[in-house]
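Here is the structure we will look at, set down as structure tokens.
What follows is calculated from the coordinates using simple rules that are stated; it is not laboratory data. This is a predicted model, so every value here is computed, not measured. All Cβ positions, even for glycine, are placed from backbone atoms using ideal geometry, and neighbour counts span all protein chains on display.
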Amino acid sequence: MRYISLAISIVLYPMLIPAYAMLLLFGAFSSQGLDLPWLYKVITVGGTLLLTCIIPFSIILMMIKQGQLKDAYIEDKEARLTPYLYSIFSSIAWCFYLWRVVHMPHIVCVMAIGATVALVVVTIINHWWKISSHLSTLGALIGSVAGYQYANPATFNLWLIPSLLGVSLMLACARIYLNAHTSMQTVAGLLLGLLFTMLPAMLF
């Protein structure tokens, strides 16, 4: 069970979620005006992966090598500040990339900004309380999907949100089983991510 929980935590690692979001956007909603050239999709997903995963994760690996961190999970909340700050800067660069470089629809940029704001809030909360970044980023993904479907009713999919909620429950159980978080910390992370992406999309 421990290995399964670790595998779930790795596959749903926070830095991978933005790339999953882009893949989901191009896959699930490709018939609603997002059936774009494959090269554009590769550039968008590749740029997202570089900015939100490869660069910040490389910094984390460097910090581990220098002995500043124990592992990539960063269980100690006091040690999270520096990696979180690098992730915030990378996420801001990603928002700019979506907006000015690949010219994604404004609704997508708004939700990316919402996810970045959620990361800032998680970083602030983490100073006092260890909130789950795994569930926060997954909540941001679910909120983005819900917000996008709300703004574009033609994209509504009956099973997509329930499936993602099922995945979030599985992830929450994995994080609790690994003693990485309490149930309250996972729920709080999920709701925070949902709020900061779904609400801006609905207001937009």
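Just round it to a whole percent: the fraction of Cα-Cα distances in the chain exceeding 28 Å.
23
Order 191-201, 16-26 from most to least packed using the mean count of other Cβ atoms within 10 Å.
Highest-to-lowest ranking by the protection proxy: 191-201, 16-26.
Show the residues, 5+ positions off or on another chain, whose built amide H is closer than 5 Å to the amide H of LEU69.
ILE64
Would you kindly calculate the translational diffusion coefficient of the range 128-204, applying Stokes-Einstein with the Kirkwood radius from alpha carbon pairs, for 4 °C and a viscosity of 1.567 mPa s, and quote it in µm² s⁻¹ without decimals?
103
Going by C-beta contacts inside 10 Å, put ARG80, ARG175 in order with the fewest on the left.
The most exposed by this proxy come first: ARG80, ARG175.
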